[in-house]
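The values are calculated or read from the model by the stated rules, or taken from the named source; none is laboratory data. The model shown is predicted, which means the values in this text are computed figures rather than measured ones. Glycine gets a Cβ as well: all are built from the backbone with ideal geometry, and neighbour counts include every protein chain shown.
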């Protein structure tokens, strides 16, 4: 296994010379190029095996944040996916540029305040919706893409990583992991991080699903949350965090409407891709 | 473009396998093929494009066993090569002007990570206004960009030879720095000249493929591209400066061995009618032939003229240059890279 990690929190906290937290080969190059660096490593492994210089069956995993994926790294990611490099790309999404101190990214949700889109009297935090990165990735028709949440690690997240790795012979795999940033989201102590992350899925805000060879499967427990009555109120998730401390009940309703629309979109994709569902 | 094979006029102990009529772009491609690169990543930009098209053709026809990554930008071209080189591959790319500018931050990273990447640069004017034609503003922009060895060729043969030498220099354990080999956009990149191609075994012996540097290997894990606080940053960057300094000797050594093996006469600075010269023209690149002709004309008119060609641009051969021009009455410099604030 070789890890590619673009600039971000993970990189700066694990590689401060002369120490390293990595027991596997690791490379950081720049911010916007994890997809390209991983492509090069994958190609090198193929070429060296073919030319007999170094025989290795090494898998390449890129681990990138939301800034390095939704925004500055999107082009390199798209190139890697389109060219079909057998790389697992893991997006750990904490919904803002947290390493540089909570700036708005394409992954920041609506109304959340950041240092570059603060909640003022005129502008109410981020005006735009969170970018639907999964749809962008799925549009490349790679073999496997999935969402996951740090609150559901033992079965869902671990299985998705296993499955993704097993697809790399066919092409790229992508896992979008929601990972709360306690200082960036604010309003809750560190030890509540997993609880907050779980609420994201329980309220329908961050549904778990897989794109498995062009079939969209909504995973448990999110399949259950397709039924609005079974979801927790979004308010519980939003009001637990200071990034949304300024939002009004009306604005929460607007967020709820966006979630409803997005889940309906997923539902239609799932049915349309021929996945039978017990919750229809 | 089809190849015209010319009968070799000179046989040098079977070291020359063929004599062909090719452009400098194709000469770069032939060199990359002949040193058997493992990974190529490139993005089209005029006037470089035919170089990587030719490499792609070699790979498509099975003449070169390499992975070609048709990247979506020059930024990704150099990023991919950084990844590939870090994983142990011998790598090649080519670009021009805007493409080189788009790679800019990675130039520093490639040298900081001590990766022996080789890049061909078909020099081109800098936008705006957009102009695809040849000057050296792109090369001038990388004058100080962190640890690339830069050579400037004056003929297609020199492009071919320099790229072969570039791998030997870049991969030398005393150097481990990326190397750029440049040549005039269009004037050279698209001009057909006779080029002697060498025996492949001789090239293999001259620039053997080996992995004797730290790489990303699952059996011996290392961390590359670390975060360094200023004291460590200084130490690590100083090693790059040191390597650049040491490279001068290695470049000379490699030149000597190349000249001996392949029957050439390359030096860091090429001299023409310099011995008794009062006036010296200093230049580089594709106008070297014209410069020598101008010297001849001046000599005919009773002016004791001579000329120098910079073959090595980084590290700059200051000592050699000062020694050669010592005592001349005047120096004229033809620099084909306009500097906007100094006109």
(request) Return yes when residue B:256 is away from chain A (no Cβ under 14 Å), loosely packed, with under 14 Cβ neighbours inside 10 Å and farther than 19 Å from residue B:147 by Cα and no when it is not. (result) yes
(request) Could you run through the range A:19-36 and say how many residues are assigned to a loop (DSSP other than H, G, I, E, B) and either within 24 Å of residue A:96 (Cβ to Cβ) or within 7 Å of chain B (Cβ to nearest Cβ) (or both)? (result) 12
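Yes/no per residue for (1) in contact with a helix residue (DSSP H, G or I) (Cβ under 9 Å, 6 or more places away or on another chain); (2) surrounded by fewer than 22 Cβ atoms within 10 Å (Cβ to Cβ); (3) within 17 Å of residue B:27 (Cβ to Cβ):
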| site | (1), (2), (3) |
| --- | --- |
| B:39 | yes, no, no |
| B:47 | yes, no, yes |
| B:76 | yes, no, no |
| B:102 | yes, yes, no |
| B:110 | yes, no, no |
(message) Every residue in the range A:181-209 that is over 16 Å from residue A:153 (Cβ atoms) and touching a strand residue (DSSP E or B) at 6+ places or on another chain (Cβ under 6 Å), please.
(response) A:209
(request) Can you work out which of the residues in the range B:238-253 that are farther than 22 Å from residue B:82 by Cα and crowded, with 19+ Cβ neighbours inside 10 Å is farthest from the other protein chains (Cβ to nearest Cβ)? (result) B:248
(message) If residue A:271 meets every condition in (1) modelled with pLDDT under 95; (2) touching a helix residue (DSSP H, G or I) at 6+ places or on another chain (Cβ under 6 Å) apart from one, which number is that one?
(response) (2)
(request) Name every residue in the range A:71-87 that is more than 8 Å from chain B (Cβ to nearest Cβ) and surrounded by fewer than 24 Cβ atoms within 10 Å (Cβ to Cβ), in order of residue number. (result) A:71, A:72, A:74, A:84, A:86
(message) Considering only the range B:246-260, I want to know if a residue exists there that is assigned by TED's automatic domain parsing to the domain that holds residue B:203, modelled with pLDDT under 95 and more than 22 Å from residue B:183 (Cα to Cα).
(response) yes
(request) Would you mind listing the strands (runs of 3 or more DSSP E) fully within the range B:35-141 where at least 1 residues are within 18 Å of the chain's Cα centre (by Cα) and touching a residue at least 24 places away in the same chain (Cβ under 8 Å)? (result) B:39-41, B:91-95, B:118-123
(message) So if I check each of B:331, B:324, which one is surrounded by fewer than 16 Cβ atoms within 10 Å (Cβ to Cβ) and outside any loop (DSSP other than H, G, I, E, B)?
(response) B:331
(message) I'd like to know if the range B:294-307 contains one or more residues that are touching a strand residue (DSSP E or B) at 6+ places or on another chain (Cβ under 7 Å), in contact (Cβ under 8 Å) with a residue 40 or more places away in the chain and surrounded by 16 or more Cβ atoms within 10 Å (Cβ to Cβ).
(response) no
(message) Going by what's in this entry, would residue A:84 be described as in contact (Cβ under 8 Å) with a residue 60 or more places away in the chain and either closer than 17 Å to residue A:144 by Cβ or touching a strand residue (DSSP E or B) at 6+ places or on another chain (Cβ under 6 Å) (or both)?
(response) yes
(message) Given the options B:196, B:171, name the one that is within 14 Å of another protein chain (Cβ to nearest Cβ) and buried (at least 21 other Cβ atoms within 10 Å of the Cβ).
(response) B:171
(message) I want to confirm something. Restricting to the range B:218-237 and keeping residues that are within 7 Å of chain A (Cβ to nearest Cβ) and within 29 Å of the chain's Cα centre (by Cα), which single residue is surrounded by the fewest Cβ atoms within 10 Å (Cβ to Cβ)?
(response) B:225
(message) Take residue B:72 and tell me if it is at the interface with chain A (Cβ under 7 Å from one of its Cβ atoms), surrounded by fewer than 24 Cβ atoms within 10 Å (Cβ to Cβ) and over 21 Å from residue B:189 (Cα atoms).
(response) yes
(message) Consider the range A:38-60. How many of its residues are at negative phi, more than 7 Å from every other protein chain (Cβ to nearest Cβ) and surrounded by fewer than 24 Cβ atoms within 10 Å (Cβ to Cβ)?
(response) 4
(message) Name the residue that is farthest from residue A:61 (Cα to Cα), counting only residues in the range A:1-17 that are facing chain B (nearest Cβ under 7 Å) and in a loop (DSSP other than H, G, I, E, B).
(response) A:17
(message) For the range B:78-100, give me each residue that is more than 7 Å from chain A (Cβ to nearest Cβ) and either out of contact with any helix residue (DSSP H, G or I) (no Cβ under 6 Å at 6 or more places or on another chain) or more than 25 Å from residue A:59 (Cα to Cα) (or both).
(response) B:85, B:90, B:94, B:95, B:96, B:97, B:98, B:99, B:100
(message) Can you tell me which residue is nearest to residue B:17 (Cα to Cα) among those in the range B:199-213 that are surrounded by fewer than 17 Cβ atoms within 10 Å (Cβ to Cβ) and free of Cβ contacts under 8 Å to residues at least 60 places away in the same chain?
(response) B:201
(request) Check off (1) modelled with pLDDT under 95; (2) more than 9 Å from chain B (Cβ to nearest Cβ) for residue A:102 and give me the number that stays unchecked. (result) (1)
(request) Considering every residue within the range B:288-305, establish whether at least one is within 27 Å of residue B:166 (Cα to Cα) and part of a strand (DSSP E or B). (result) no
(message) Please verify whether residue B:159 is buried (at least 18 other Cβ atoms within 10 Å of the Cβ), more than 14 Å from every other protein chain (Cβ to nearest Cβ) and over 18 Å from residue B:26 (Cβ atoms), treating the condition exactly as stated.
(response) no
(request) Taking only the range A:64-119 into account, find how many residues are out of contact with any helix residue (DSSP H, G or I) (no Cβ under 9 Å at 6 or more places or on another chain) and assigned to a loop (DSSP other than H, G, I, E, B). (result) 7
(request) Residue by residue through the range B:59-69, note down the ones that are surrounded by fewer than 24 Cβ atoms within 10 Å (Cβ to Cβ) and facing chain A (nearest Cβ under 8 Å). (result) B:65
